[in-house]
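To start, the structure under review is shown below, and the notes come after it.
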Amino acid sequence: MVAHLLKLKLALLRNGFKRSPWQLVGVIIGGIYGLGLAVLLFVGMFALGDQPAELITTVVVLAVSLITLGWAVIPVLLSGVDLTLDPSRFSVYPIPPRQLVIGLLLSGFIGVPGLVMLLLFAGQGLAWRANAGLALVGILCGVLAALNALALSRLAVTAATALTSNRRFRELGMILLFVPLIMLGPILQTATEGLEAGLGWLPDISAVLAWTPLGSFAAVPGDVAVGAWGLAAARLVLSLVYLVVIILAWKSVLFRALETPPQQSGGSRAVSGLGVAFRLFPATPWGAVASRCLTYWMKDPRYAMSIIFVPLVPLLIWFWSSQGGDYTAMLYLAPIIAVLLAFSISADISYDNTAFSLHVLTGLRGFDDRLGRVAASAVFAVPTVLLAAILPAALLGETELLPAILGLSLGALGTGWAVSSIASARYTYAVPLPGDNPMKTPPGTGARMAVTQLATFGSTIVLMLPEIILHIVFLVTGQELYAWLVLVTGVVFGALMLMGGLRIGGRWFDSRTPELMQATVLNR
Amino acid sequence: MNTELHQSTAPAISLRGLGKRYGQKIAVNGISLDVPSGSFYGLVGPNGAGKTTALSMATGMLRPDAGQAWVHGVDVWKDTRRAKSLLGVLADGVRLFDRLSGRQLVTYAGLLRGMDAATVDERTDDLLRVLDLSDAGGKLVVDYSAGMTKKIALATALIHSPRVLVLDEPFEAVDPVSAANIRDILADYVGHGGTVVVSSHVMDLVQRMCSHVAIISDGNLLAAGTVDEVRGEGSLEDTFVNMVGGRAEGGGLSWLHTS
């Protein structure tokens with residue numbers, strides 16, 4: 001039965017390749033990447049072999065613990081990455097529980113991530129190459145540690161299923177995971193600085209981890225190397241107990257979940273009456289669109305995804321300017337945020353997906369559709385941009401620049417909205433489907449999306465030339481008059497652009513409504 | 001001709017040579033059909049026959065490659081907005097704005113059509129009550145069951161009191177009680193002068209419920225008329241299977257007889 005399950009996993013993998021060659025390409029790229037990583041770490045392990053046993057132990061335990069932790073945490077936040085062998089699918093077959101558990105566990109090794117981890121962990125034998133017997137212990141413990149990581153990962157995922165079947169939790173998790181990814185650059189830089197200072201306490205952490213389920217297996221060869229046989233035996237037994245307990249715990253959670261499947265529904269609190277957004281706008285077609293869009297901004301994680309970087313922009317700019325000690329770039333925060341926020345509505349119809357049919361069937365006017373989407377965006381974009389313009393200028397004491405910055409920002413907002421309103425009436429692209437992982441990009445979108453976005457950004461910049469030129473004149477001459485001229489131009493031009501954008505976008509929308517509808521069907 | 005007069009005497013839906021081709025495949029092969037005003041019209045056909053494509057072209061969702069469509073004399077593809085105001089459509093296989101609550105979604109559909117808030121509120125309450133969704137009005141549509149989703153989609157098609165209802169697979173996944181309620185609403189609607197077009201796989205239902213029926217297969221209109229005309233002596237199901245063909249010949253599953 002275990003062999004059957006492993007064969008099934010292989011067959012599923014193979015059939016996936018047949019269905020979509022891109023999946024094969026993905027696996028090959030992942031495989032090359034993983035293999036490269038493995039080779040790199042093998043070299044590292046090999047080099048480590050020349051070091052004293054204590055250092056080897058510290059490094060190996062830390063590395064194994066970190067990877068194991070990753071296996072436990074990341075799938076939970078991504079809501080179970082690999083569901084090719086979803087346990088609940090086996091609940092109708094009379095498979096003995098023990099065999100199901102072992103089969104599912106071992107099937108985790110079939111696939112790039114599992115295989116690479118197995119190789120990596122077993123690779124610690126290289127670090128202990130000074131002694132053949134010791135190397136063997138290293139390899140053995142590595143394999144066990146990999147099994148341990150898989151079991152822990154399964155336990156975490158299964159235990160969290162009850163939580164993650166709650167839609168809101170799952171969606172939040174994906175976004176939580178994304179923030180550190182964006183901040184990876186600054187975090188790494190800070191971390192390496194901190195690491196150099198904190199290198200002294202790393203062995204202590206490692207020593208603690210060596211007694212936890214995360215790193216205990218990895219620490220056994222180190223005990224053997226220094227001849228502490230009793231300690232090695234004790235640690236090995238403890239590790240095995242950990243492993244058995246984890247597997248048993250997973251089994252019990254798994255079967256409880258299989259027997260009483262978590263409720264799929266629920267999760268959302270009832271909306272009393274019409275909710276906040278519908279009271280904010282007038283009861284007209286454009287007001288309805290605005291209310292609906294605003295509700296989506298608050299409830300659909302894909303929208304949150306498109307503006308999640310906005311609060312990070314100041315952090316990033318601040319971080320990079322702190323390196324040079326020159327914070328002038330912070331003053332231009334507002335125009336940048338304005339362009340990004342205005343641009344965030346350009347994929348609106350793509351996000352609607354086929355629900356857009358309601359707009360088509362009700363014969364909604366293009367102008368109302370465009371205006372509603374801009375109005376919803378304005379609710380949070382205008383205060384954010386004003387804040388981003390005023391706050392840095394005030395804090396840095398550069399208030400004489402403020403009118404110009406405000407002009408640039410408001411101009412950027414109006415022009416950006418105009419361009420987005422026109423572009424999104426003409427171009428749709430495949431985006432994550434409603435309810436899907438917001439980070440999952442459908443295949444074949446990259447090029448088209450990049451071209452569309454580049455063209456949109458480019459047009460916005462070109463259309464903003466009046467404000468930009470006046471601003472440069474102001475910077476060169478330093479005359480306050482020009483700062484105020486930028487403000488006036490920004491407000492007037494921005495408003496005119498917006499009106500024009502809504503009209504043109506609305507006209508395009510009206511003449512192409514069925515085509516837009518069919519584009520959303522294709523993106524399904 | 002006087003347009004007002006023309007409108008009142010014109011068929012509820014009139015299709016002339018309506019066609020659509022996807023690459024090499026002809027999805028709808030020049031269909032001409034009149035749906036009389038005040039009729040309960042069933043559109044039946046096997047999977048992939050072109051029912052949904054034909055209905056999409058008749059309701060302004062899909063631009064036809066050839067032919068024309070009128071709703072009460074209004075050209076769907078020339079005077080689109082006016083035609084749409086006469087139509088209430090339940091499309092099959094499209095998503096809803098499911099992050100809205102049921103009440104919000106129905107209200108949304110009403111407001112999009114430019115109705116005033118008070119009327120929308122009143123009708124939303126009525127629709128939720130009649131469709132047995134009052135308790136679920138505050139729940140997000142994404143958390144609805146398949147049947148509830150169908151019902152709320154139906155409500156969005158009814159809110160503006162259209163003259164013609166086009167319902168693509170309205171009874172799919174709907175429980176028997178709700179289905180009976182929906183049938184009553186539709187029968188009442190037809191009784192008071194409305195026109196309903198439903199597409200369905202369930203022949204029995206069409207035979208009992210509809211006054212007229214059209215059979216579509218492979219993009220062609222095979223038969224159209226009153227239910228009695230089309231079915232003749234036999235049941236609608238037999239007529240349908242005879243016309244469309246495709247019944248499996250030869251032996252069944254003899255080993256299934258063991259227990």
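The values are calculated or read from the model by the stated rules, or taken from the named source; none is laboratory data. Please read these numbers as outputs of a predicted model, since none were measured by experiment. For neighbour counting, all protein chains shown are included, and Cβ atoms are generated from backbone atoms with ideal geometry for every residue, glycine included.
Looking only at region A:45-54, count how many residues are part of a helix (DSSP H, G or I) and either loosely packed, with under 15 Cβ neighbours inside 10 Å or of a type in the set (Val, Ile, Thr) (or both). If you could, list the steps in order and put the result at the bottom.
First, the residues of region A:45-54 that are part of a helix (DSSP H, G or I): A:45-48, A:53-54.
Next, only the ones that are either loosely packed, with under 15 Cβ neighbours inside 10 Å or of a type in the set (Val, Ile, Thr) (or both) stay: A:46-47, A:54.
Here the count works out to 3.
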Residue match in region B:52-70 (condition: among the charged types (D, E, K, R) and under 15 Å from the mean Cα position of the chain (by Cα)): no
Test: residue in region B:53-67 that is out of contact with any Asp or Glu (no Cβ under 8 Å at 6 or more places or on another chain), without any contact (Cβ under 8 Å) to a residue 24 or more places away in the chain and either small (Gly, Ala, Ser) or under 24 Å from B:LEU154 (Cβ atoms) (or both): no
Cβ pairs under 6 Å, 6+ apart, first in region A:39-62 and under 14 Å from A:GLY222 (Cβ atoms), second of a type in the set (D, E, K, R): A:GLY49/A:ARG129
Those residues of region B:199-211 which are buried (at least 22 other Cβ atoms within 10 Å of the Cβ) and either hydrophobic (A, V, I, L, M, F, W, C) or over 15 Å from B:ALA179 (Cα atoms) (or both), in sequence order: B:VAL206, B:CYS210
Checking B:VAL130 against (1) within 19 Å of the chain's Cα centre (by Cα); (2) of a type in the set (Val, Ile, Thr); (3) more than 9 Å from chain A (Cβ to nearest Cβ), the condition it does not meet: (1)
Selection from region A:199-238 of residues that are within 22 Å of A:GLY123 (Cβ to Cβ) and among the small types (Gly, Ala, Ser): A:SER206, A:ALA210, A:GLY215, A:SER216, A:ALA218, A:ALA219, A:GLY222, A:ALA225, A:ALA232
Filtered residues of region A:274-309 (kept if at the interface with another protein chain (Cβ under 10 Å from one of its Cβ atoms), without any contact (Cβ under 8 Å) to a residue 40 or more places away in the chain and surrounded by fewer than 19 Cβ atoms within 10 Å (Cβ to Cβ)): A:PRO282, A:MET298
Qualifying helices (runs of 4 or more DSSP H) (wholly inside region A:345-420; at least 1 residues being under 29 Å from the mean Cα position of the chain (by Cα) and crowded, with 24+ Cβ neighbours inside 10 Å): A:348-352, A:366-395
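Would you mind listing the helices (runs of 4 or more DSSP H) fully within region B:143-243 where at least 3 residues are more than 14 Å from chain A (Cβ to nearest Cβ)? Talk me through it step by step, then tell me what you get.
On the way: elements: B:146-158, B:176-191, B:203-209, B:227-231.
Output list reads B:176-191, B:203-209, B:227-231.
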Residues of region A:325-360 that turn out to be away from every other protein chain (no Cβ under 14 Å) and among the polar types (S, T, N, Q), as a count: 3
Count of residues meeting criterion [within 11 Å of another protein chain (Cβ to nearest Cβ), crowded, with 18+ Cβ neighbours inside 10 Å and of a type in the set (Gly, Ala, Ser)] in region A:497-521: 0
Single residue of B:LEU86, B:LEU100, B:LEU105 found to be touching a residue at least 40 places away in the same chain (Cβ under 8 Å), in contact with a strand residue (DSSP E or B) (Cβ under 8 Å, 6 or more places away or on another chain) and more than 8 Å from chain A (Cβ to nearest Cβ): B:LEU86
Pair list, Cβ under 7 Å, 6 or more apart: region A:513-524 residue assigned to a helix (DSSP H, G or I), other residue among the β-branched types (Val, Ile, Thr) and modelled with pLDDT under 85: A:LEU516/A:THR428; A:ALA519/A:THR428; A:THR520/A:THR428
